[in-house]
Amino acid sequence: MPTPSLAALPIRRLTLRDLAACADLSEDRGWPREEHKWGFLLTSGRGYGIDAPDGGLAAACVATLYGPHERPSLAAFGMVLVAERHSRRGVGRRLMRHVVTDLGTIPMTLHATPYGRPLYEELGFKVTGRAEMVQGNLVPPGKAPEIATRAATAEDLTAILRLDEEVFGADRTHIVTRLPAFADQLRVAEENGRLIGYAAAWPNMDTHVVGPLIARDTETAKALLASLAAHTDRPLRTDIDVRHTDLLAWLKEHGVESVAFNDVMTYGITELPGDWTRRFAPVTVAAG
């Protein structure tokens with residue numbers, strides 16, 4: 001019986017039942033398995049995949065939608081992967097074209113590696129920003145920050161959601177409400193009883209990824225990062241908008257090093273909504 005052409009294989013929606021197959025696909029491409037992150041994305045976003053004729057997934061990606069459920073205002077792409085044995089055969093291009101068509105007129109965004117950028121440009125995405133991945137054991141200065149930080153409580157959720165939507169520019173309730181279970185730390189910064197920032201740190205292999213990081217200003221972002229670092233023995237990793245030059249310089253002065261750069265690309269909009277001056281890092285580059 002002949003093996004079916006990859007171009008003829010159906011594209012289907014992925015669910016949590018595909019978690020192991022998604023992790024296998026990551027491992028196939030030399031990525032960490034990242035089952036914790038895959039589980040988060042598959043429950044909060046839309047997974048798309050192509051089953052390989054020889055077993056497992058030939059390709060996969062996830063789109064996370066934001067805004068009103070009946071009329072999303074933004075979709076973020078991530079985890080776009082093609083199995084090594086099926087690469088360079090147009091599978092990723094076919095999957096992405098399908099997802100872009102499926103999402104219709106919803107504006108879209110993604111973080112692109114240099115390897116993936118040509119495909120996204122071919123699909124109509126344009127570079128509108130840049131993020132720098134940094135990692136290391138943050139050793140903040142001896143002087144305690146003047147901005148008060150503490151662990152978030154259930155009573156903070158309403159204020160966190162309000163601040164997040166104001167800064168991100170779209171409703172992320174389905175993401176933010178999952179953070180207490182997904183992250184090892186969720187901390188807030190406040191002034192005179194008013195919330196002025198929040199940040200989460202979630203486990204990923206041997207690091208804690210910081211995201212989201214939303215803060216009134218750079219000093220507030222520093223205080224949140226210092227408080228997260230003080231409560232973990234793992235290195236911190238995060239993706240900072242390169243426009244936040246002062247924060248990046250401070251991180252590099254205190255034990256954190258640059259790892260890589262990703263281009264922020266958009267489709268259907270010329271820039272991301274919200275207030276970038278208070279949006280320092282995404283939940284994950286796979287979900288915006």
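The values are calculated or read from the model by the stated rules, or taken from the named source; none is laboratory data. What you see is a predicted model, and the numbers here were worked out from it, not measured in a lab. Neighbour counts run over all protein chains shown; Cβ positions are idealised from the backbone, glycine included.
Here is how the numbers come out for the structure above:
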quantity: Condition check for D239: buried (at least 23 other Cβ atoms within 10 Å of the Cβ), in a strand (DSSP E or B) and of a type in the set (D, E, K, R); calculated: yes
quantity: Residue satisfying condition, being aliphatic (A, V, I, L, M), out of contact with any Ser or Thr (no Cβ under 7 Å at 6 or more places or on another chain) and at pLDDT below 95, within set V127, V91; calculated: V91
quantity: Residues of the range 175-231 classified as touching a residue at least 12 places away in the same chain (Cβ under 8 Å), more than 17 Å from I147 (Cβ to Cβ) and among the small types (G, A, S), total; calculated: 4
quantity: Cross-chain or 6+ apart pairs with Cβ under 6 Å, the range 235-248 first and farther than 13 Å from T284 by Cα, then hydroxyl-bearing (S, T, Y) and part of a strand (DSSP E or B); calculated: P235/T207
quantity: Candidates A260, A189, filtered to the one that is in a strand (DSSP E or B) and crowded, with 23+ Cβ neighbours inside 10 Å; calculated: A189
quantity: Which listed residue is assigned to a loop (DSSP other than H, G, I, E, B), over 18 Å from the mean Cα position of the chain (by Cα), farther than 24 Å from T207 by Cβ and in the same structural domain as E70 (by TED's automatic domain parsing), from R97, R89; calculated: R89
quantity: Candidate set: the range 20-55, residues that are under 23 Å from P212 (Cβ atoms) and of a type in the set (A, V, I, L, M); chosen: the one surrounded by the fewest Cβ atoms within 10 Å (Cβ to Cβ); calculated: L42
quantity: Residue ID - farthest from the chain's Cα centre (by Cα), chosen from residues in the range 117-147 that are small (G, A, S) and assigned to a strand (DSSP E or B); calculated: G136
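Matching residues to (1) over 15 Å from the mean Cα position of the chain (by Cα); (2) modelled with pLDDT of 95 or more; (3) not charged (D, E, K, R):
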| site | (1), (2), (3) |
| --- | --- |
| L186 | yes, yes, yes |
| L195 | yes, yes, yes |
| M205 | yes, no, yes |
| V210 | no, yes, yes |
| A215 | yes, yes, yes |
| E219 | yes, yes, no |
| K222 | yes, yes, no |
| R234 | yes, yes, no |
| T238 | no, yes, yes |
